[in-house]
Each structure stands twice: as structure tokens, then as C-alpha cells.
Amino acid sequence: MLKKSRVRALLATTVLAASAVAGGISATASTAASHPTLVVYSAQGYDKTVVDAFSKATGIPTKLDDNSTGPLLTQIEASKNNPNWGLLWVDGDTAFAGLDTQHLLMRGFEPNVNWTPLAKSVIPADKSYTPTGLTTMAAVVYNSKVVSAPPTSWQQLLSSKWKGAVGMNDPSQSGPTYPFIAGMMNALGGESQGKAYFSKLKANGLVVNPTNGPTLQALTNGQIKLALVQSSAGVGAALGDKSLKVEYLKPVTLLPGCIGIDAKAPKAVQMEAERFIEFVLSPAGQKAMHAGDPTGDSLYYPVIEGIRPLKGLPPLPSSKTQRINPYKWGPLEASINSWFDSNIK
Amino acid sequence: MSTLSPAADSRGAVQAGPRPGARGVRAVLATLLPATFWTVIILIILLPCLAFLVLAVSPRLFDQGSSYFTLHFLGSVFTGQTAVAIGNSLWVSAVAAVIGVAIGFPAAWLVARTDMPGRQLVAPAMWLVLLVPSWLPSLGWVRLVQLDGVMYRLGLNLPIVTHAILGPFGVVMVLGLRNVPFSYLAISAALAGMGQEFEDAARVHGATRMQSLRIVAPILAPAIWSALAIGFAEAVSDFGVAATLAFQGNFQLGTYQLYSAINNFPPSFPVAASMAWLLVASVGIPLGLQARALRGRSYAVLSGRTRQVVRRTLGRREKLLWSFGLGMFLVVALGVPTFGAVSGSLMGDYGGSFSLTTSNYSAMLSSSALVSPLLRSLQYGLITATVTVGLGYTAARFLTRARTSATKLLDFLLLAAVAIPSVIFAAGYIMAYNLPILSRLGINLYQTVGLLIIAYCASSLPTNTRILVGSVSQLQESLRDAARVHGANPLMAWIRGIAPLLSRPLLYAWLLTFTGVFLELPISQLLYAPSQPPVSIAIQDNLGNYHFGIGTAQSVAAVLLALAIVLVVLGLYRLIVPRGWRRIGAANN
């Protein structure tokens, strides 16, 4: 008898507790269901300024999940059978290609704007994501008080002159670093040639730090003489320390800042997301992008004709740049990063 | 005089004989309370953990692969670098746990039982060590000893030190020092419940001071084993040191491999889940040792008659020696992270030079972007700490009752939850509480403040319970029975009989949870409600966007604010709580 009553009590409690949990959150749920809100997942330094400007200009309530690229992609992958996001806005198109391959991005949307030639080169054929700005990977940053003659080619980094003097980021922790590695492999003719290059770089004393910040710190404290980092980070550092200079070696890989729409979002949210992208590429949106993080992510090369970059950015001639195919190199990211972990770090 | 009597005996000492109606209510409550508790544990810990861990063998269940059953991913973690990293994690965590107790035990003893100078500073310092995120000491060490770092600039060319710190030795040291506060708090709480009578008895029978210490130390066994177990689990799940010191020394730890599996794109959740299984299984080691050491014994020594302790007067040489030792600990545990934080926040050029600037603090103060997240994290911390202490006390009560399958399961579950890295825990919450079927039922929990706070509570509960279990295991049931005999209802019996004895451990557990949640990052990153970022997200936003100095300045400000709150709460405790409550476990000065 006692056991039966205990089992009944246990069952009753479980049902009550589950009901309480469900009831407690139903208010939130019903609100969310009746008024779906545009949620922007973003890793851009200027995102809050742009989201606020967009809401103010259009009256569309917009929420922002401001995070690093890694956690944002983890959220998207973990919730892909029931996504909560409307827009994803991060640097690098390899992740977008991966999401597109999984049919997680809405295809076929291209805002009616006047693209620059470099921007046209990074727009995907299926229009599953849209470039909003360009940076490069990797820019070579050096201290002009220490280095009078910086390298002029990637091969020179393998010479004894730069032994133990070159630093770069860890691709497992720094999102923009995999496109750099893939870009080098692309430029040198393939994965094996690229691996051989990085192996030689390691033999020449390559220093690997977690992200842009520590790599630049290693440069300023003299541990290394050349820092291979994202252009916006390098230019931002050079704005604060006039002895730091930024150079682009040929070829430098384009790293487009991209924005894409969730394929599974409600239609109303997708339409709001399209308006958001149009706003970002409008003069008002570009102004907000420039104002949001003037010593960091705002240091990008605009993708719209007539919009000028912020002061301090070195020229970016198209003859020096290359674009990697994100649909080819994206799926190789995990295996190449794993190889880098095992052989280069 | 209190005795080491079996708990069951003391529980049956007094028969109060309640009325028939009251007996029925008590019977229902006696059933409902465990049922409710277990329901909560299942919903907030077991379900999310299993939702993620099952991916190791069945990735198709949550759309993370094509197989409904495979052993491929589990097999992969026993090979290559992953296996090496897991092996490293195991031995490093074991040594770190021992270091934590080796320093925490004498520190707790000296503060509680002797007149060591400066003992009043030890407790706040321990809280400060707890408050500091683990990457900050690592950062400080890297800046000190790296090539061309501060050490070399001061003319100390010691590459052997660089290699030692940026490698296994440094990793073990930093993780071990981080474990000291856990040991200190657990053992301090247990010491507070152990009166002078045991040491007196030993001394009366001719024991020397060292012999009397050896006699009473076993009474503290539950607290010591708790400290070892929690130290092991905390170290095995740490990522801050794995990604900084260990990374710099090319010394791979399991958590780093696990984060790599998740951070690569596309993330490999099945591989991460397989590694998490190994980490979970690893906590079986300290738990097994703990069970073997404590089997069949009772540690109920805390009663209303516990005698107040008389502080031992240390000799001059002893004072000097112990003060120096503790001072060194504080310098290493706090001085280095302070250097790391201050150098990062007071230097404009990525902390590379010695030129100081306050520009990062000016930039921080001129922006309102940190104020709202700070206030938000304060609220989250207050709510989480209050709820978690209630749950933690209940869990500690279960754990200290006679060992049954249920208590063994709870014990393992709580410690396994500590060993699971927070990012796994948070991803499990997404899997479990963002199911399409829930949305179809109108239940949308993912990215709500409610689910974030539940996850905070769940992740804090295991440590909270470990801190409390040492003290709760010392409680004699006769205390409450005595209050009931004198006519008190169950609530009043608890307030009059138990609360005075547990007020201090409960306060510590509350503070520990509050400080842990205040700067929590991995769970916040995956679960926070959009547009309502907690302070850790605001700080990470700057650290991740090249504004390293401002981010570090924000970290310093947040740590100082949290410390101020700890001091205010401790002050309020002194002011509000009856003097008699505070006297229990305290020593005569």
C-alpha cells in the first residue's frame, strides 16, 4: 500500500512539476508565436549600432544575439531542427557555404545595389548570403622601428631572415584564420602544397597564438616581428600605435563579412530580414557600420560603389587579392584545422 | 559530549508521537519532497546532459548525423591526440585536486584554530581567488614568463622557468591554486562544526599537537573527500587554463580538444559528446575512492553542545613561517592575475609595453553598454544563488542519509555534472528544450531568461552541494527532534535547531553560487536572451573585437563589484544574524 501511494505521489508530482514548467513559460511562448521577432545573430563589432539604427528607421522590433562566431554557429547547429534566428552576420563565407549546403539559408535574395567589382566576386551563385563589407586575411603587420624592409612575398617568410619572427593565429580559436590557411593552400596549388608551406613555416620558428589580440601583443612586445592577422585588427592596432604598419602580400585572401537569412524562419521574419539587409547596404546603414566600431570591425572595405572606407585603410588593389571557393574549402575546415592542431601548433 | 554515533541511532533517539492527522500530512510530505526534488534534478540536470551525451552513439536523434546507432565516435576518442589529451587531463586534475587540499586544509586550520596574524584577510582573499576567471591568472603568467615578457625585461633570462610555467608544471600549479578556495571553504565549514572537545580529549590522553591533529583529521574526512572530488571535477572541466597556459606550452588537455570539436565548422557534436562521456566517467575515480574511504561511518558531530574553540597561540617562529607561506600563496594566486588584469587594462598597445594609460577605463566609463549587463547579471546572480542554496541543502541532506542506490546515483550525477564542460551543458539545454514538439505545444524556452537562470542553477548545484555536504553530514538529527519535542512545528524546528548551525555554510554556498554566476560565460553565450546580454557577454564582445584593453578593464571592474557585494553580504551577516549563530564554529579570540 505504502509503495503504491508513493508511486502515485511521485507520478502526481512529476505531472504537476512538468505542468508548472510548461505553464510558467506558456505566456512567453504565446507572445513569441503571435509576434515573431527578427533575431539577428551577429559577431560584428558594429552590430548594436546598426540594429538600433534599423529599428529606429523602420519601426521593426529587432533583437540581437551578439556573440563570437563560434558560439553563434554552435547555436545554429544545435538548434537546427527548430531554429530561433532570423539573420546571421559574421566574417567569412566558408561557414555560410556550409549552412547553405545543409539548406539552412534562404536562397535567391539579392538587394538592388551597385556592387563593387570585388563584392561581385564573392556573391554566391544561389544568392544564399550577401556580402556587407570586405576585410583580408592575412595582413602582415610589423613595427617600422624594428623592421625597415618588410617581406614582399609569402615565400620570403621561409627565409632565415624571418626565423622565429613570424606569428599567426590558431584556426581552432580564431574564426578568420582558417580562410587564410585555405587561401594559402589555394594560392600554392592545393592542400598538400599548402601543408608543405606551413610545415616549412613551422620549421622556421612560426609562433602560433590563440587570436588576433595575442598575436598583435606578441608583435608589440617584441616576441615576433611580423604578425599575420585580419586586416581590420591590424589597421585598428596601427591607428593606436603609429609605429605599426600594415602590408598586403600577393595574393591576400578576401574575407567577406556576410549576412544570411534563416531558411526556416516564418515568412514575416524573412521579409523583415530582407529589409534589414537592404538597410545595411543603404547609406544610412553604411554610416551606422562605420560609426559602430571605428577602431575595429568598422575598418572594412565597402562593397557598394560610392561608399568610402574609413581613413587608415591601405589601398586594396584587386590585382593583389584572391577569392577562395567557400563551397570547396568550407567542408575541409575541420580536417585541415585538425591537421594544423597536430602538426603546426 | 557529542559522539561519533551512527546517524540512524541518533535519529531514533526521541519519539515525539505526533497526532494522527499530522502524521498523515508528514507522510505525504515525506513522499512529495523527494519526488519533487528528483523531478527537478531529472529536468534540469539529467535530461539536458543525456540529450547531449546520447549524440555520441545516436547523432541522428537530434539531426546531427545519419546514424541512429554507432560506436564510431566513441572509438575515435581512444586514439591519437584526443586520447593523449584526455590522459593529460586526468593526471593534471588529480594532482590539482591534491594541491588544493594540501594548501586549503592547513589554511582553514590556521584561520579557524590559531592566532596567526592576518588571518582575517584569508577568507576575503579566498573569495577573490574564486571570483577571478581562470584565464586571468593564466594571462598573468604568460605575460610574466614568455620570451621578451616582463621577466626577461627585468634582466632575468630564465628560459627554464618559461618552459616550466608554459607547460604541465604551470598548468598543474594554476589549476591547483584555483582549487584551494574550494578546499578552504569545505574544510572551514566542517571545522566550524567540530568543537574543541575532540582535540581536548586527544590532548588529555597524552597526544602531542601533531598527534591530536592526526586524530581529529579523520572527522573532517567527508569535507576533505568532497574537496578532492570537487577539485578533480573542476579541474577536468576547466577551459580557461587549457586555452591559454596549456595552449602556449603545446600541452593539450581534453577540454581544449572538446572545444575544438565544437568550434570547428560544422561542429562535431558526436565527437564532443564522446569526449564528455570520458570526462563524466573520470569522476567515478574520486567518487569511488571517497565511497571506499567513508563506507559505513557517520560523521555527525555537530550539535548545540559543540564547544567553542580556543585559539591556539602560535610561537613566534610558527607565526612567521605560516604567515610567510600563506602570504606566498596569496601573492601567487592573486598577485599574478592582478598583474595580468592590470597590465591588460592599463596598457594601450595590447599590453605589450610598459607605458601606462587610463584610456581603457575612460572608454569603459563613457559607455553605457556595460551598466545594463552589470545590473542584469546582479539580478541573475541573486536569483540563482537563492534558488540553488535551497536545492543544494536538500541535495546535501539526501547525500548524507544512509547510502542507498538513489543517493549513490545522486552523488555521481552531481559530480558528473561538474565534470561536463559548461559548453556541453548549454548545448544539451538547447537539444532538450528546443525540440520542435515543444514549440508546437506553444512552449518556447530557448533563449529566454527563465531557461538561462534554470541552467545557471543546474550548473551551480553540484558545487553548491559539495560545499554543504561536509557540514550537513555533521548534523545530528536529535537537534531537530529536540525542537519538535518542545512543540515547534517542522519549519520552526528547522529554524531553531538547524539554521543556527548551518547559517555560515549556507552563506558561503550562496556567495559561491553568486560569484560563479556573475561572470559565467559558456552557458551565457549559448542560452542568453537576445538583446539582454549578461556582463560576461558584454566583456567578451570587447575582448573578441580587438578591444582587449577595454574588455580587461571591464573584467577588473566586474570582479571588484562582485567582491564588494561579497563583502557587503558578509557584513550584513554579521549585523543581522544573532550573535549565537555566529558563535557556533567560531573561536575565542
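Every read-out reported here was derived from the displayed coordinates using simple, explicitly stated rules and does not represent laboratory data. The structure displayed is predicted, hence computed values, not measured ones. Here the Cβ positions follow ideal geometry from the backbone for every residue, glycine too, while neighbour counts run over all protein chains shown.
Here are the numbers for this structure:
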read-out	value
Built amide H within the under 5 Å cut-off of residue B:67, gap 5+	B:60
Whole-Hz ³J(HN,Hα) from phi, Karplus 6.51 cos²θ - 1.76 cosθ + 1.60, for region A:84-92, glycine and proline x	10, 9, x, 9, 10, 9, 9, 7, x
Inter-chain shielding of B:253-262 (mean C-beta neighbours from other protein chains, 10 Å cut-off)	3
Highest-first arrangement of B:49-61, A:226-238, B:99-111, A:144-156, where packing means the average Cβ count within 10 Å	A:226-238, B:99-111, B:49-61, A:144-156
Calculated over the protein assembly as shown: convex hull of Cα atoms, volume per residue (Å³)	171
nm² value of the averaged projected area, convex hull over the Cα atoms of chain A	21.9
Cα-based equivalent ellipsoid of region A:184-342: semi-axis lengths in Å, sorted from largest, via gyration tensor	31, 23, 15
Candidate lysines - alpha carbon under 25 Å from residue A:264, same-chain residues fewer than 8 apart omitted	A:48, A:63, A:80, A:127, A:328
Neighbour net charge for residue B:254 - beta-carbon separation under 15 angstrom, K R +1, D E -1	-3
For A:78-89, mean number of other protein chain Cβ atoms within 10 Å	5
Karplus 3J(HN,Hα) series, Hz, for region B:492-501 with 6.51 cos²θ - 1.76 cosθ + 1.60 (x for Gly, Pro)	5, 4, 5, 5, 7, x, 9, 3, x, 7
Reference-scaled alpha-carbon Rg (2.2 N^0.38 Å with N residues) for region B:175-267	1.64
Kirkwood Rh in Å, taken over all unlike Cα pairs in region A:165-211	10.8
Net +/- balance of residues flanking residue A:150 in space, Cβ distance below 14 Å, scoring K and R +1, D and E -1	+4
Cα-based shape type of region B:475-520, given that a ≥ b ≥ c are square roots of the gyration tensor eigenvalues and the cut on a/c is 1.5	prolate
Intensity falloff of region A:141-194 expressed as log10 I(q)/I(0), Debye formula with alpha-carbon point scatterers, at q = 0.13, 0.23 Å⁻¹	-0.41, -1.07
For region A:56-62, Karplus couplings with θ = phi - 60° (6.51, -1.76, 1.60), whole Hz, Gly/Pro x	5, 6, 10, x, 7, x, 9
Environment charge at residue B:461 (Cβ cut-off 15 Å; Lys +1, Arg +1, Asp -1, Glu -1)	-1
Calculated P(r) tail over 15 Å for region A:196-290, as whole % of Cα pairs	74
Förster-model FRET efficiency, 30 Å R0, residue B:210 and residue B:169, C-beta, rounded to 0.05	0.50
Residue-averaged beta-carbon neighbours from other chains (10 angstrom radius) around A:218-230	4
Length added when fully stretched, residue B:161-residue B:285, from 0.36 nm per residue minus Cα-Cα	41.4 nm
Amide H within-cut-off set for residue B:251, under 5 Å, with H built and near neighbours excluded	none
Sites residue B:561 and residue A:52 - FRET efficiency at Förster radius 22 Å, r taken between beta-carbons, to 0.05	0.25
Under 5 Å, built H, 5+ apart or other chain: amide partners of residue A:321	A:252
Taking the convex hull of Cα positions in region B:150-191, its mean projected area over all directions (nm²)	3.9
Computed Rg/Rh of region B:32-588, alpha carbon atoms with Kirkwood Rh	0.97
Calculated [θ] (222 nm, deg cm²/dmol) that DSSP helices of n ≥ 4 give over the protein assembly as shown, each run adding -39,500 (n - 2.57)	-18500 deg cm²/dmol
Label-zone membership for region A:55-79, site residue B:372, 7 angstrom Cα→C-beta point, backbone N under 19 Å	A:55-68
